[in-house]
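Readers should treat all values here as calculations from the given coordinates under stated rules, not as data from a laboratory. The shown structure was predicted, so the numbers you read here are calculated from the model rather than taken from an experiment. Cβ sites come from the backbone with ideal geometry, for glycine too, and all protein chains shown count toward neighbours.
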Amino acid sequence: MSRSPETERIMTESSDQELQSPGAAAIVADVMRPALTTVEQDAHVAAAAYLMKRAGATALVVLDDQQGQRPIGIITETDIVDAVADGKDVNDVRIRDLMTSNLIFCTAATSIRDAAKSMMTGKFRHLPVLDDTELVGMVDIGDVSRALLGRPTD
């Protein structure tokens, strides 16, 4: 079987990348994005959809109304799609009714590999990044994948 020079180059690059083990020493702080858009639990789901579209986000961290900056959950585009598919009116349903409240999070010092393991184990694509109890960012499966593959962030 003959291989083209391009195939050889790709195979060589893949082998080199595996030896270098991209993402092994990388931490979440290297790839996280600021979680600039958040939402309160009493807002309508339509508001969350609007905020996601406007921010280009696929998930929003839900903040406690009384405490202000305390993260209490997360709502994702999948939550909204499921609600619409179930015939729910996004102008009537509140975020608290759809959000995931058992919030799994990481810190900026969490390794990329540990973040990936958490995502795989929990079967989710977003991890809020907290410093003590304060929200400092968000990391998603794309950020983690790029880091593990040694690709630059967008």
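Rank the residues Ile80, Ile112 as a footprinting-exposure proxy: fewest other Cβ atoms within 10 Å of their Cβ go first.
Working: Ile80 20, Ile112 24.
Lowest to highest Cβ neighbour count: Ile80, Ile112.
In what sequence do Glu77, Glu134 fall when counting other Cβ within 10 Å, fewest first? Lowest to highest Cβ neighbour count: Glu134, Glu77. Residue-wise HN-Hα couplings along segment 36-46, as the Karplus relation 6.51 cos²θ - 1.76 cosθ + 1.60 with θ = phi - 60° gives them from phi, are 6, 9, 10, 8, 9, 5, 8, 6, 6, 4, 4 Hz; Gly and Pro carry x.
Summarising the amide proton neighbourhood of Asp65: residues at separation of 5 or more, or on other chains, whose placed amide H is nearer than 5 Å comprise Gln41. In plain terms, the residue of His44, His126 with the fewest other Cβ atoms within 10 Å comes first and the most crowded comes last, giving His44, His126. Count Lys and Arg as plus one, Asp and Glu as minus one, and take only other residues whose Cβ is under 11 Å from that of Met52; the net charge is then 0. Using only alpha carbon pairs under 8 Å that are at least six residues apart, calculate the relative contact order of segment 30-80 and give it in whole percent. Worked out over segment 30-80, it gives 33 percent.
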